[in-house]
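In what follows, a structure is listed as structure tokens, so that the remarks can point back to it.
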Amino acid sequence: LLLAVLVGRAFCGWMCPLGSLHHFVSSLKSEAKRGAKLIESNRYKRWQAAKYYVLAAVLVMALFGSVAGLLLDPISFLVRSMSVSILPAFNAALRAGMDTAYGWPIGGAKVVVDLASGFLNATVLSFKQPHFHQAFLVGSLFVFVLVLNSRVTRFWCRAICPLGALLGVCSRWSLVQMRKDDSKCDTCRRCLQHCQGGDDPIPGAQWRKAECHLCLNCLHDCPTGGLSFTWSTSPSPAKQTRETPDVRRR
């Protein structure tokens, strides 16, 4: 939380292991994210506010003594999915593959398999094939969340993650400020091409501080140098920056 107060959602952009996995999958090409579609998908969407309602629900549950909301914590979600479903499936597939290769009528195949089996058993393969209840459900949910990145970059981080929402709330007091020089903008919109948070770094729109992962891709992609990040205790002009999350009150 103190890091978020200093540098905003840098944890999401640089440290979160699940965020890194989403970042990698999001970088894979898909028909839904090409050309103008990619640019448009990286603009801020109203549904990104959903994670703040998820955060509110998690906090209310915690207030009444329930930790069920932690099912959506990114670290526990990743560890649970890998340990309960992904790694056991990888273990079973690898063992099945070696068993099949061991029976091939190819000279030296058994020797190679024996050597590989000895190495893998000493490193990554478990001695006994693990099985967990709900492994298929947990694994399917994990894969589904990753596949969503083919439609929208880092969908989980933008719309669901309660930890990201909490860091976004704290980033209101972040010392990192974006400055936009509208006079240098030639409306190429390259700053939106690799935006990870959907925070509208493009000049002429408000930079949404609570959504920015501080990936700095917009800074790198801008050909005219119209964007910059500075350390400052004074916020950016209101017309350039939205300091708080866009959540409607009831």
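The values are calculated or read from the model by the stated rules, or taken from the named source; none is laboratory data. Please read all numbers here as calculations on a predicted model, not as lab measurements. Please note: Cβ atoms are built from the backbone with ideal geometry, for glycine as well, and neighbour counts cover all protein chains shown. Quick note on the areas: whole protein, heavy atoms, side chains included, nothing else; ligands and nucleic acids left out. Shrake-Rupley method; radii C 1.70, N 1.55, O 1.52, S 1.80 Å.
Values for this structure:
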{"read-out": "Segment residue 186-residue 14, extension gain: residue separation times 0.36 nm, minus the distance between their alpha carbons", "value": "59.0 nm"}
{"read-out": "Solvent exposure, largest accessible area first (probe 1.4 Å, DNA, RNA and ligands not counted), of 133, 213", "value": "133, 213"}
{"read-out": "Which of 123, 108, 54, positive extreme of dipole for segment 13-132 (C-beta unit charges)", "value": "54"}
{"read-out": "Low-density loop cleavage sites - chymotrypsin sites (Phe, Trp or Tyr not before Pro) in segment 4-77, where at most 16 other Cβ are within 10 Å (DSSP)", "value": "64"}
{"read-out": "Carbon + sulfur, % of accessible area of segment 21-148 - ligands and nucleic acids excluded, 1.4 Å", "value": "75"}
{"read-out": "With all protein chains modelled, accessible area of residue 243 [1.4 Å, Å²]", "value": "40"}
{"read-out": "Listed residues 116, 57, 92, most fluctuating in the chain (Gaussian network, C-alpha, under 10 Å)", "value": "116"}
{"read-out": "Most fluctuating residue given options 29, 110, 209, as computed from a GNM of the chain linking Cα atoms under 10 Å", "value": "110"}
{"read-out": "Gaussian network model of the chain, Cα within-10 Å springs - most flexible of 103, 19, 139", "value": "103"}
{"read-out": "Anisotropy class of the chain from Cα gyration tensor, a/c 1.5 cut", "value": "prolate"}
{"read-out": "Förster-model FRET efficiency, 45 Å R0, residue 175 and residue 127, C-beta, rounded to 0.05", "value": "0.35"}
{"read-out": "Within the accessible area of segment 157-250 (1.4 Å probe), percent carbon and sulfur", "value": "52"}
{"read-out": "Residue-normalised accessible area of the chain, expressed per residue, 1.4 Å probe, Å²", "value": "57"}
{"read-out": "Positive-pole candidate from 36, 21, 92, dipole of segment 10-95, charges at beta carbon", "value": "36"}
{"read-out": "Efficiency of FRET from Cβ geometry, residue 99 and residue 56, R₀ 45 Å, rounded to 0.05", "value": "0.35"}
{"read-out": "Chymotrypsin sites (Phe, Trp or Tyr not before Pro) lying in DSSP loop within segment 148-250, provided at most 14 other Cβ fall within 10 Å", "value": "none"}
